[in-house]
Amino acid sequence: MAEKDYVVPELKVEVQNCTFKMKDLLEVMKEWVSLNRYYIKEDEYRESKEGDRKTVNISWEVNREVDDYTKLQIKVKFKMTGKNVAIKKKGVSVKGDIKLILEGIMVTDRENVWEKTAGLKFLRDIYDTTFQKSKMDNYRNKLENECNALYNEIKAFFDLHVKN
């Protein structure tokens with residue numbers, strides 16, 4: 001099994017009682033993902049309605065393979081609760097609450113090459129902690145910086161586009 005190192009345990013963005021275009025938020029995030037050479041795997045998209053209120057849950061796994069051994073991963077979870085509101089000349093927006101959670105995970109031995117026997121696993125641990133330590137530390141720093149950059153991009157979106 002691939003080893004997972006939770007580099008950034010949790011970054012949260014919560015905005016209450018706001019009006020924004022979900023399409024615009026997703027475009028900003030997808031553009032950031034593309035510019036930083038990641039790709040998106042959508043794990044979940046679930047919508048439920050109760051009267052005029054709607055709840056949307058989305059889970060993304062944003063990945064970038066940095067070498068044959070290591071993958072940087074940002075897990076993104078969205079939860080939006082609200083209702084659609086038509087705004088003149090601007091299209092349809094959502095009025096409600098949104099919560100986003102980001103987690104940064106460094107995945108090593110992603111193809112389980114070193115997991116076949118206890119001896120190989122032991123050698124992998126030595127390899128990771130001695131020969132590859134500075135490289136892994138650089139990847140951790142890069143992942144932390146990129147998680148913070150995505151977090152700041154999302155916060156900036158809400159600062160610019162949200163009407164309370």
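Any idea how many residues of the range 13-32 are in contact with a Lys or Arg (Cβ under 7 Å, 6 or more places away or on another chain) and closer than 17 Å to residue 77 by Cα?
Qualifying residue count, the range 13-32: 2.
Name the residues in the range 104-124 that are of a type in the set (Asp, Glu) and either touching a helix residue (DSSP H, G or I) at 6+ places or on another chain (Cβ under 9 Å) or part of a strand (DSSP E or B) (or both), would you? So that I can check it myself, show each step before the final result.
Narrowing the range 104-124 to residues of a type in the set (Asp, Glu): 109, 111, 115.
Across the range 104-124, the qualifying residues are 109, 115.
State which residue is farthest from residue 108 (Cα to Cα) when the search covers only the range 128-164 and only residues that are in a helix (DSSP H, G or I) and β-branched (Val, Ile, Thr).
Let us first name the residues in the range 128-164 that are in a helix (DSSP H, G or I), namely 128-131, 133-161.
From what's left, β-branched (Val, Ile, Thr): 129-130, 154.
Values: 129: 12, 130: 15, 154: 28 Å.
For the range 128-164, the residue satisfying everything is 154.
Go through (1) of a type outside the set (Gly, Ala, Ser); (2) more than 24 Å from residue 141 (Cβ to Cβ); (3) touching a residue at least 40 places away in the same chain (Cβ under 8 Å); (4) touching a strand residue (DSSP E or B) at 6+ places or on another chain (Cβ under 6 Å) and name the single condition residue 12 misses.
With respect to (1) of a type outside the set (Gly, Ala, Ser); (2) more than 24 Å from residue 141 (Cβ to Cβ); (3) touching a residue at least 40 places away in the same chain (Cβ under 8 Å); (4) touching a strand residue (DSSP E or B) at 6+ places or on another chain (Cβ under 6 Å), residue 12 is out only on (2).
Could you check residue 94 against (1) exposed (fewer than 14 other Cβ atoms within 10 Å of the Cβ); (2) at pLDDT below 95; (3) of a type in the set (A, V, I, L, M, F, W, C) and say which number it fails?
That leaves (1) as the condition not met.
Can you name every residue in the range 130-164 that is exposed (fewer than 11 other Cβ atoms within 10 Å of the Cβ), modelled with pLDDT of 85 or more and of a type outside the set (D, E, K, R)?
Step one: list which residues in the range 130-164 are exposed (fewer than 11 other Cβ atoms within 10 Å of the Cβ), which gives 130-131, 134, 137, 159-160, 163-164.
Those left that are additionally modelled with pLDDT of 85 or more: 130-131, 134, 137, 159-160.
Hits for the range 130-164 are 130, 131, 134, 160.
Suppose the filter is part of a strand (DSSP E or B), closer than 30 Å to residue 124 by Cβ and either at pLDDT 95 or above or not aromatic (Phe, Trp, Tyr) (or both); does residue 56 pass it?
On the way: part of a strand (DSSP E or B): yes; closer than 30 Å to residue 124 by Cβ: no; either at pLDDT 95 or above or not aromatic (Phe, Trp, Tyr) (or both): yes.
In short, no.
Among the candidates 8, 76, single out the residue that is touching a Cys at 6+ places or on another chain (Cβ under 8 Å), modelled with pLDDT of 95 or more, within 22 Å of residue 158 (Cβ to Cβ) and surrounded by 12 or more Cβ atoms within 10 Å (Cβ to Cβ). Give the steps one after another, and end with the answer.
Working: 76 fails: touching a Cys at 6+ places or on another chain (Cβ under 8 Å).
Of 8, 76, the one residue that is touching a Cys at 6+ places or on another chain (Cβ under 8 Å), modelled with pLDDT of 95 or more, within 22 Å of residue 158 (Cβ to Cβ) and surrounded by 12 or more Cβ atoms within 10 Å (Cβ to Cβ) is 8.
The values are calculated or read from the model by the stated rules, or taken from the named source; none is laboratory data. All figures in this text were calculated on a predicted structure; none of them were measured in a lab. FYI the Cβ positions are ideal-geometry reconstructions off the backbone, even for glycines, and counts take in every protein chain you see.
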